[in-house]
Every structure is written in C-alpha cells, then in structure tokens.
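The values are calculated or read from the model by the stated rules, or taken from the named source; none is laboratory data. This structure is a prediction, so every number in the text was calculated from the model and none was measured. Here the Cβ is made from the backbone with ideal geometry for all residues, glycine too, and neighbour counts use every protein chain on show.
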Amino acid sequence: MEQLKGIHHVTAITSSAEKIYDYFTDILGLKLVKKTINQDDIHTYHLFFADDAGNPGTDMTFFDFQGIPKAQKGTDEISRTGFRVPSDQALDYWMKRFEHYNVTHEGIATLFGRKAIFFKDFDDQAYALFSDENVPGVDSGEPFKKGPVPSEYAITGLGPIFLTVSDHAKMDTALTKHMGMRLKKHQGDAFLYEMGAGGNGASVIVHENDNLNHGIQGYGSIHHVAFRIEDRKALDEWTEHLNKLRKPTSGFVDRFYFKSLYTRLYPGILFEFATEGPGFIDDEEDRETLGTTLALPPAFRDKRETIERIVRHFDTTRHVKTREKEYFDE
C-alpha cells in the first residue's frame with residue numbers, strides 16, 4: 001500500500017464567499033484556482049485557493065453554506081490550518097503585513113523547532129504560517145506571480161494541520177496504525193506526526209485536551225482535511241485497507257479535479273484521501289484564467305442555467321491582473 005505523501009487540501013466553512021475571496025486574494029496573496037459549486041449541495045459555492053499552478057498540497061477550499069451558524073470551537077475537531085513560507089525572514093515580512101491589514105495575530109513562536117505565526121480571519125478561522133527554513137521535507141508549490149506578496153515571502157503551500165482531540169491514544173492509533181504516519185516528537189500536550197518525505201507539507205500536530213466541549217461545525221471551522229495519494233490504483237488500495245479494518249468509508253468519489261475516498265477514523269473528524277490529479281487546469285480554464293468563471297464538472301454542465309440562477313454571481317477576475325508587490329517599511 002502506497003504511503004501517504006502529505007497534505008492534499010483543507011476544506012473549511014466561511015460566512016461569505018465574497019469576503020473570503022477578498023481575504024485570500026488581497027491579504028494572503030493566494031490564487032483562486034477554481035470557483036465552482038459544492039457537488040453535494042449546488043446552492044453552495046466551493047472556492048479553491050492555491051499556488052500559481054494549483055498544485056496538490058497547496059490549496060485551501062471553502063464552502064459558504066447558507067444560514068449556517070458560527071462554529072463552536074472545542075475538542076475532537078480539525079482546529080487550525082498551516083501554510084508554508086520560504087524562510088524566517090518571510091515571517092518578519094508577514095508580521096508587518098498583518099499589522100498593516102489589521103489581521104488578528106500572535107508574535108513569532110517556535111513549535112517543534114519550527115518558527116510560526118498564528119493568526120485568524122474575520123470568522124475566527126484559525127491559521128498558522130510556518131517557515132520552511134531548516135525544515136527539509138516534501139516539496140512546496142510556486143509563489144503566485146501576479147499576487148501582491150513578493151515571491152521571496154509568498155505562501156507556497158499548506159503546512160502542518162492541527163487536530164485537537166480528547167483521546168490522544170485513539171487518534172495515535174488512527175494516524176500510525178491505520179494511516180501509516182510516524183510520531184516524530186512530543187512537546188507538552190502536543191504531538192508531531194509526519195508522513196511521506198516529512199516536513200511542513202506532510203505534518204499533523206495533535207493537541208490533547210479533554211477539558212473542552214466537543215467542537216460543533218459552522219462558519220469559522222474546518223470541514224475536513226485531505227491527504228495526498230498518487231492515483232486511482234492507490235485509492236483502491238486504501239479502500240481495500242480500510243475495508244479490512246472494518247472502518248466506514250464513502251467508497252470511490254469522483255470530484256473531477258481529483259478522485260477521493262472519505263473516512264472517519266476518529267469520532268467527529270473527517271479525513272479524505274485525494275489523488276494528485278488530474279488537477280484544476282482543464283477544458284474550461286487554462287492556467288492564466290483559473291478562478292475567473294463559474295466552473296462546473298461535466299456532470300453538472302447540463303444544469304448550468306439553473307445553477308447560475310441559484311448561486312449569486314460575484315466577480316472573481318481581479319486576482320489574475322498583475323498586482324504591484326507590497327513591501328512595508330521597517
């Protein structure tokens with residue numbers, strides 16, 4: 001069975017598709033690589049933000065379920081999304097950037113020998129920026145060339161994903177025995193796991209806390225995290241593996257942009273296995289126009305007129321216009 005290669009994507013819930021587009025485009029400097037619909041709920045947008053090419057391991061995605069309440073943060077949930085920047089110097093740049101844009105953030109901290117900044121968005125969605133300096137491992141993606149963040153400081157992919165759980169032993173079994181990850185370090189109530197080549201793009205950080213209520217999903221929370229596998233063959237092998245363990249799965253799911261399998265190996269937390277391809281560059285959009293139109297997988301294209309009436313239109317074209325790079329004075 002093929003080992004997991006790293007983080008594929010994280011999917012979260014936002015209160016506003018428009019506001020998350022502004023936040024990721026103007027502040028985080030990422031590229032909208034696909035504006036489409038939730039394939040299980042066509043009333044809901046599904047936005048994918050990633051690196052310049054939309055590489056696997058670089059994208060965070062959002063649903064905007066209408067009428068959903070704000071999340072109640074707690075335990076037994078995916079609690080924070082990490083991103084990667086190239087260096088410690090990049091973190092210094094981001095401290096100035098966050099202060100300029102009034103982003104709620106903490107100072108530069110060190111966790112498991114890795115430097116990071118913890119911050120939140122308008123929904124109290126929790127993130128972290130991790131420096132790749134002196135952290136070898138799985139390759140990162142490409143800076144968004146047309147974005148406002150200088151390439152030498154830009155976000156290039158996903159970093160460690162945080163889980164908060166009430167039962168570390170049960171989660172350890174899920175990650176190591178069922179998913180083949182490696183426990184690397186232990187620091188207080190935090191545990192660092194790696195997969196594949198390791199490094200920030202292939203790390204999961206588990207915090208144990210049994211003093212909190214169970215988290216309840218809503219806007220500002222994470223829906224699921226996906227892990228990278230090579231192709232359909234590997235996906236079928238993981239399906240067989242989980243079936244032998246008698247763990248519940250979704251079975252094969254074709255998301256068009258990748259192939260998937262979903263499972264819950266720990267109560268309240270949804271894991272996905274997602275293939276490397278085919279990717280976001282397709283018959284509807286090339287690399288230069290990614291994210292500018294309402295893109296639909298083939299199975300939904302005969303319903304385009306109906307879908308366009310259901311989902312409110314909002315403009316997503318400015319991110320493909322070259323932006324002046326933003327530097328901040330000392």
Original post:
Looking at A12, is it in contact with an Asp or Glu (Cβ under 8 Å, 6 or more places away or on another chain) and in contact (Cβ under 8 Å) with a residue 40 or more places away in the chain?
Top reply: no
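For segment 168-179, give me each residue that is surrounded by fewer than 15 Cβ atoms within 10 Å (Cβ to Cβ) and in contact (Cβ under 8 Å) with a residue 60 or more places away in the chain.
If we filter segment 168-179 for residues that are surrounded by fewer than 15 Cβ atoms within 10 Å (Cβ to Cβ), which is where we start, we get 169-170, 173, 176-177.
Passing the criteria: only K170.
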**OP:** Considering each residue of segment 193-232, count those that are in a strand (DSSP E or B) and closer than 27 Å to Q72 by Cα, and give that number.
**Re:** 16
Original post:
If you go through segment 252-275 one residue at a time, how many are part of a strand (DSSP E or B), in contact with a helix residue (DSSP H, G or I) (Cβ under 9 Å, 6 or more places away or on another chain) and closer than 19 Å to V225 by Cβ?
Top reply: 11
Original post:
Give me the pairs: first residue in segment 88-113 and within 25 Å of P136 (Cβ to Cβ), second residue assigned to a helix (DSSP H, G or I) and not aromatic (F, W, Y), beta-carbon distance under 7 Å, and six or more apart or on different chains, which are they?
Top reply: I108/L91; I108/M95
**OP:** Look at segment 76-116 and say how many of its residues are of a type in the set (V, I, T), over 19 Å from the mean Cα position of the chain (by Cα) and assigned to a strand (DSSP E or B).
**Re:** 2
Subject >> Number of the exception - D52 against (1) under 26 Å from V206 (Cβ atoms); (2) in contact (Cβ under 8 Å) with a residue 24 or more places away in the chain >> reply: (1)
Original post:
Looking at (1) among the hydrophobic types (A, V, I, L, M, F, W, C); (2) surrounded by fewer than 22 Cβ atoms within 10 Å (Cβ to Cβ); (3) under 16 Å from the mean Cα position of the chain (by Cα), which is the only condition F162 fails?
Top reply: (2)
Original post:
With respect to Y21, is the statement that it is touching a residue at least 40 places away in the same chain (Cβ under 8 Å), out of contact with any Leu (no Cβ under 6 Å at 6 or more places or on another chain) and outside any strand (DSSP E or B) true?
Top reply: yes
Subject >> Some residue of segment 297-312 being closer than 30 Å to K73 by Cβ, in contact with a Phe, Trp or Tyr (Cβ under 9 Å, 6 or more places away or on another chain) and crowded, with 17+ Cβ neighbours inside 10 Å >> reply: yes
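Hey, among the residues in segment 26-76 that are out of contact with any strand residue (DSSP E or B) (no Cβ under 9 Å at 6 or more places or on another chain) and either of a type in the set (D, E, K, R) or buried (at least 21 other Cβ atoms within 10 Å of the Cβ) (or both), which one's modelled with the lowest pLDDT?
So the first thing to find is which residues in segment 26-76 are out of contact with any strand residue (DSSP E or B) (no Cβ under 9 Å at 6 or more places or on another chain), and the list is 26-27, 29, 40, 42, 67.
Okay, now just the ones that are also either of a type in the set (D, E, K, R) or buried (at least 21 other Cβ atoms within 10 Å of the Cβ) (or both), so 26, 29, 40.
Values: D26: 98, G29: 98, D40: 92.
If we take residues in segment 26-76 being out of contact with any strand residue (DSSP E or B) (no Cβ under 9 Å at 6 or more places or on another chain) and either of a type in the set (D, E, K, R) or buried (at least 21 other Cβ atoms within 10 Å of the Cβ) (or both), then D40 is modelled with the lowest pLDDT.
Could you check segment 24-57 and list, in sequence order, the residues that are hydroxyl-bearing (S, T, Y) and under 20 Å from T322 (Cβ atoms)? Even if it seems obvious, please write down each step before you answer.
To start, the set of residues in segment 24-57 that are hydroxyl-bearing (S, T, Y) comprises 25, 36, 44-45.
Correct list: T25 only.
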